[in-house]
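Student: Dumping the structure here so I can ask a few things about it.
The values are calculated or read from the model by the stated rules, or taken from the named source; none is laboratory data. The structure presented is a predicted model; accordingly, all values stated were derived computationally and were not measured. Cβ coordinates were reconstructed from backbone atoms using ideal geometry, including for glycine residues, and neighbour counts include every protein chain displayed.
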Amino acid sequence: MIVSAIAAVAENGIIGHKGDLPWHLPDDLKYFQRITKGHHVITGRKNYESIPAKYRPLKDRVNLVVSRNPEYDAPGALVVDSLGAGLEVAHLAQESEAFIIGGGQIYREALTMRLVDRLYLTLVHADVEGDTRFPALEPDEWEELACERHEMDERHAYAFSFVVLVRRDR
């Protein structure tokens with residue numbers, strides 16, 4: 001099973017602000033949906049709760065929510081007590097590619113433990129204000145497979161690029 005992480009990241013590393021995205025990029029949301037549809041997605045509790053209630057659980061995906069609270073209830077999603085437990089659920093279901101979708105703490109854990117094989121990053125070409133960061137990557141550990149730039153327009157306040165990276169040592 002491929003373990004992937006998917007995130008939108010500003011040039012200054014910001015991925016969130018006060019429990020929300022610090023931008024509105026409709027094409028990024030469509031990209032996220034297209035890439036993760038039909039797969040297991042693993043998210044931390046705070047990130048899960050930041051998704052508007054009408055979109056929870058994310059449709060057409062198996063939603064796994066990591067929470068240390070054994071009483072935590074996420075209707076329509078499976079609650080697991082660790083990132084490893086979420087990956088095990090996906091593995092046992094014979095998932096081909098599981099997606100770690102945030103937030104900052106889950107990304108940090110996955111990257112520190114070197115669990116991630118592939119990164120799908122939307123690089124937002126701006127420095128924005130925020131309180132949640134994506135972990136810094138070691139450039140020598142990753143190889144770029146694809147990069148597709150999109151300029152800002154009437155629907156997108158910032159230019160952005162879809163970038164796919166793979167870990168070099170896998």
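Student: Name the pairs: first residue in the stretch 17-42 and touching a residue at least 40 places away in the same chain (Cβ under 8 Å), second residue among the acidic types (Asp, Glu) and in a loop (DSSP other than H, G, I, E, B), Cβ to Cβ under 7 Å, at least 6 apart or on different chains?
Tutor: That search, which allows pairs on different chains as well, returns 17/129; 17/131; 18/131; 22/129; 39/95; 40/95.
Student: Also: Looking only at the stretch 133-156, filter to residues that are assigned to a loop (DSSP other than H, G, I, E, B) and under 19 Å from the mean Cα position of the chain (by Cα); which one of those is nearest to residue 26 (Cα to Cα)?
Tutor: Checking each candidate, the answer is 134.
Student: Right, another one. Among what's in the stretch 17-42 and is touching a helix residue (DSSP H, G or I) at 6+ places or on another chain (Cβ under 7 Å) and modelled with pLDDT of 95 or more, pick the residue that is nearest to residue 157 (Cα to Cα).
Tutor: Per the criteria, the residue is 42.
Student: Does any residue in the stretch 105-127 that is under 19 Å from residue 144 (Cβ atoms) come within less than 7 Å, Cβ to Cβ, of a residue that is among the small types (Gly, Ala, Ser) and assigned to a loop (DSSP other than H, G, I, E, B) six or more places away or on a different chain, and which pairs are these?
Tutor: If the second residue must be among the small types (Gly, Ala, Ser) and assigned to a loop (DSSP other than H, G, I, E, B), the pairs left are 125/159.
Student: Restricting attention to the stretch 20-32, report how many residues are surrounded by 13 or more Cβ atoms within 10 Å (Cβ to Cβ) and in a loop (DSSP other than H, G, I, E, B).
Tutor: So the answer is 4.
Listed here are the residues, each with its yes/no results for (1) touching a Gly at 6+ places or on another chain (Cβ under 6 Å); (2) farther than 22 Å from residue 12 by Cα; (3) surrounded by 15 or more Cβ atoms within 10 Å (Cβ to Cβ).
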| position | (1), (2), (3) |
| --- | --- |
| 52 | no, yes, no |
| 83 | no, yes, yes |
| 88 | no, yes, no |
| 93 | no, yes, no |
| 102 | no, no, yes |
| 119 | no, no, yes |
| 126 | no, no, yes |
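Student: To continue, here is another question. When the residues of the stretch 128-150 are narrowed to those that are touching a His at 6+ places or on another chain (Cβ under 9 Å) and exposed (fewer than 12 other Cβ atoms within 10 Å of the Cβ), which ends up farthest from residue 23 (Cα to Cα)?
Tutor: Top of the filtered list is 149.
Student: Mind telling me which of the residues 56, 34, 45, 61 ends up being on the phi < 0 side of the Ramachandran plot, of a type in the set (Lys, Arg) and in contact with a Lys or Arg (Cβ under 8 Å, 6 or more places away or on another chain)?
Tutor: On the way: 56 fails: in contact with a Lys or Arg (Cβ under 8 Å, 6 or more places away or on another chain); 34 fails: in contact with a Lys or Arg (Cβ under 8 Å, 6 or more places away or on another chain); 45 fails: in contact with a Lys or Arg (Cβ under 8 Å, 6 or more places away or on another chain).
Going through 56, 34, 45, 61 in turn, the sole match is 61.
Student: Taking the condition of being in contact with a helix residue (DSSP H, G or I) (Cβ under 9 Å, 6 or more places away or on another chain) and on the phi > 0 side of the Ramachandran plot, how many residues in the stretch 82-114 meet it?
Tutor: Total meeting the criteria: 2.
Student: I've got another one for you. Could you tell me which of the residues 15, 6 is surrounded by 13 or more Cβ atoms within 10 Å (Cβ to Cβ), in contact with a Lys or Arg (Cβ under 7 Å, 6 or more places away or on another chain) and not in a helix (DSSP H, G or I)? Even if it seems obvious, please write down each step before you answer.
Tutor: On the way: 6 fails: in contact with a Lys or Arg (Cβ under 7 Å, 6 or more places away or on another chain).
When all the criteria are applied, what remains is 15.
Student: Please find, among 79, 66, 62, the residue that is of a type outside the set (Gly, Ala, Ser), in contact with a helix residue (DSSP H, G or I) (Cβ under 9 Å, 6 or more places away or on another chain), surrounded by 21 or more Cβ atoms within 10 Å (Cβ to Cβ) and modelled with pLDDT of 95 or more.
Tutor: Numbers: 79 fails: surrounded by 21 or more Cβ atoms within 10 Å (Cβ to Cβ); 62 fails: surrounded by 21 or more Cβ atoms within 10 Å (Cβ to Cβ).
Just a single option satisfies the conditions, and that option is 66.
Student: OK, next. Within the stretch 87-95, is there a residue that is under 15 Å from the mean Cα position of the chain (by Cα) and not in a strand (DSSP E or B)?
Tutor: There is at least one residue in the stretch 87-95 that is under 15 Å from the mean Cα position of the chain (by Cα) and not in a strand (DSSP E or B).
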